[in-house]
1. Within the stretch 324-336, is even one residue open to solvent by less than 40 Å² (accessible area, probe 1.4 Å), free of Cβ contacts under 8 Å to residues at least 40 places away in the same chain, in a helix (DSSP H, G or I) and in contact with a Cys (Cβ under 7 Å, 6 or more places away or on another chain)?
2. Out of the stretch 285-323, which residues are without any contact (Cβ under 8 Å) to a residue 12 or more places away in the chain and among the charged types (D, E, K, R)?
3. I'm trying to understand the selection: among the residues of the stretch 548-570, which are modelled with pLDDT under 80 and either surrounded by fewer than 18 Cβ atoms within 10 Å (Cβ to Cβ) or more than 20 Å from residue 530 (Cα to Cα) (or both)?
4. Hey, can you tell me all the residues within the stretch 5-16 that are assigned to a helix (DSSP H, G or I) and either among the small types (Gly, Ala, Ser) or surrounded by fewer than 24 Cβ atoms within 10 Å (Cβ to Cβ) (or both)?
5. Taking the condition of a type in the set (Asp, Glu) and more than 21 Å from the chain's Cα centre (by Cα), does residue 373 pass?
6. Among the residues of the stretch 497-555, write down those that are in contact with a strand residue (DSSP E or B) (Cβ under 8 Å, 6 or more places away or on another chain) and small (Gly, Ala, Ser).
7. Here are the criteria: (1) buried (at least 17 other Cβ atoms within 10 Å of the Cβ); (2) under 35 Å from the mean Cα position of the chain (by Cα); (3) assigned to a helix (DSSP H, G or I); (4) at pLDDT 85 or above. Tell me which single one residue 202 does not satisfy.
8. Within the stretch 295-325, track down each residue that is modelled with pLDDT of 80 or more, within 24 Å of residue 352 (Cα to Cα) and polar (S, T, N, Q).
Amino acid sequence: MRYRVALAGNPNCGKTTLFNRLTGAHQAVGNWPGVTVEKKTGTIEYKGCKMELVDLPGIYSLSPYSLEEAVARDNILRGEQDAVLNIVDGANLERSLYLTLQLMELGVPLVVAVNMMDEVWARGGEIDCEKLSATLGIPVEPISARRGEGVERLLEDLSGVLCKRLASASKVVYDYNTEAALAAVLSVLAENHPHPEGRARFLGAKLLENDPSAKGYVSLSQDQKRRIAEIGARYEAGPGSGDRETMLVDARYRVIAEVARRAVKKPPEDGRVTLSERIDRVVTDRVLAFPVFFTILFLVFSAVFGPLGQGMKGSMERLAFEAAAWLSRLLALWQAPQWCFGLLLDGVVAGVGGVLAFLPQILLLFLFLSLLEDSGYMARGAFIMDRLLRRLGLSGKAFIPLLMGFGCTTPAVMAARTMENDRDRRLTILLTPFMSCSAKMPVYALFAGTFFPRWQGLAVFFLYLLGAAAAVLYGLLLRKTLFRGGNPAFVMEFPPYRLPGLKSTALRLWEKSRGFLAKAGTVIFTMSLLIWFLQNFDFHFRMVTDAAQSMFGQAGAAIAPIFAPLGFGSWQAAVSLLTGLVAKEAVVASLTALYGGGVPLQKALSGAF
């Protein structure tokens, strides 16, 4: 039997780092059914206990304000998991425990991992996890997901809860007024909704605080709704102040404060400025922020397209050349027909190899973006860009999807859909395609190497800036026409600066390279075969020696005048541009296949335009 375990926690709590450490390469990435939010699953086996881990989106509570939070809440509330592994940030324990209390209200088998304990100890703090476990009535383990400390004990607890060897009976009791109101709501709810005790308590709490999301899980008569409203009114009139939602939130935080008082020893206040604070004084400074930000981006592009990236690209090109030479000798040994030489060497090897040559540079770009994200600088980048994005009617939160657009447009659009405001979502999605994704990078690198051989890094950097500038102009136009309105609020948590995890970064690069290779092995491979066929046969399916007489040549000659004002006057350039409709990388593969692997593509391209 395989158990399903959901990983739940706040953003930046180290949840995905723990997921990567536990599952390694045994991961699958897809979307939640019917929802364009990424779903990551992985498998693990510990002492005969087989588990499927589901990495839920990062959430602060089970009161959803975004699409991701709704996905996480619904997944847990529907009971699709056998247990929940709740990862909390040891450095921000009180804030993290709010989600823990809500999970306890659900009554699901629960194990808590107090992450980043190495940082807590380094600051002189202490968390008594045994006392925390005894107080809450659930297994609690201190861990450091980045270093792998405590993970073995955590798996022992998790397998124990799943296999019923270890009890997970939560003990959360609020103040008398809150408990009395909850009991009254539960008595109404029990009349026609015999839910399991834990789930009923959670739904009762949601109904008490008048959360509209709870109404989708229960059907109440008008009389029951009236009685629950009366209970809520009496609750508000009792001890405390504010509306019922605020009072229930206060009740939870009073429990959290008492738990923290018993189990947490805070580090002494010595007045010293932390390393993160010292760095932030520079990178978020009103004057220095933008120069630092663009300097970092420029250094990244200089590394990717400078001597390092060019050297890696050259190695890949030599590898492709050696593969072509080996295949040519093998075909000659087999006395293969001439068309077979053309198909495999000029079609497959030249086309696919021309794109694969850029794989090292793409991975290098993803490596730097991953390091910036894992180190904590990406959140600062969102804060820095808030001032600029507000001129487009967006908040700094739009920076993350827009920056993801430099990697791939599809997940960037998915990320934009998690923004709370529908107007911001739509505007961000419309601007994202202007960001130059990794599929455009082989084309950029090809043109930069052709026309700016001495300044390739600088040329590509300005091409990326040109796309961003076009997005700014388009955004200003949309703000004055279709998206009029005030600027949205911007609240974002700054995680502390951390050294990126080697395993986490390696797994992320593996995912990106696997996706790129899959595209090269399917779409680009198929396109290379099709292009070779169209280049070597006419419309009567007769093989031709002059490519200009082929199907591609005749079609290209017909449409070349359309693109002539843009400089695409040759039929080869015209038809190569059309193949980019299938995949942007196919433009490079098309040019390589059309001009032949024996002629340096740069020279041929220079003569074509």
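1. Scanning the stretch 324-336 turns up at least one residue that is open to solvent by less than 40 Å² (accessible area, probe 1.4 Å), free of Cβ contacts under 8 Å to residues at least 40 places away in the same chain, in a helix (DSSP H, G or I) and in contact with a Cys (Cβ under 7 Å, 6 or more places away or on another chain).
2. Result: 285, 286, 318, 322.
3. 548, 563, 564, 565, 566, 567, 568, 569 - these are the residues of the stretch 548-570 that are modelled with pLDDT under 80 and either surrounded by fewer than 18 Cβ atoms within 10 Å (Cβ to Cβ) or more than 20 Å from residue 530 (Cα to Cα) (or both).
4. 16
5. No, not satisfied.
6. 550
7. Condition not satisfied by residue 202: (4).
8. 315
The values are calculated or read from the model by the stated rules, or taken from the named source; none is laboratory data. For clarity, every value in this text was computed on a predicted model and none was experimentally measured. Cβ atoms come from the backbone with ideal geometry, glycine included; neighbour counts cover every protein chain shown. SASA here: full protein model, heavy atoms, side chains in, ligands and nucleic acids out. Shrake-Rupley method; radii C 1.70, N 1.55, O 1.52, S 1.80 Å.
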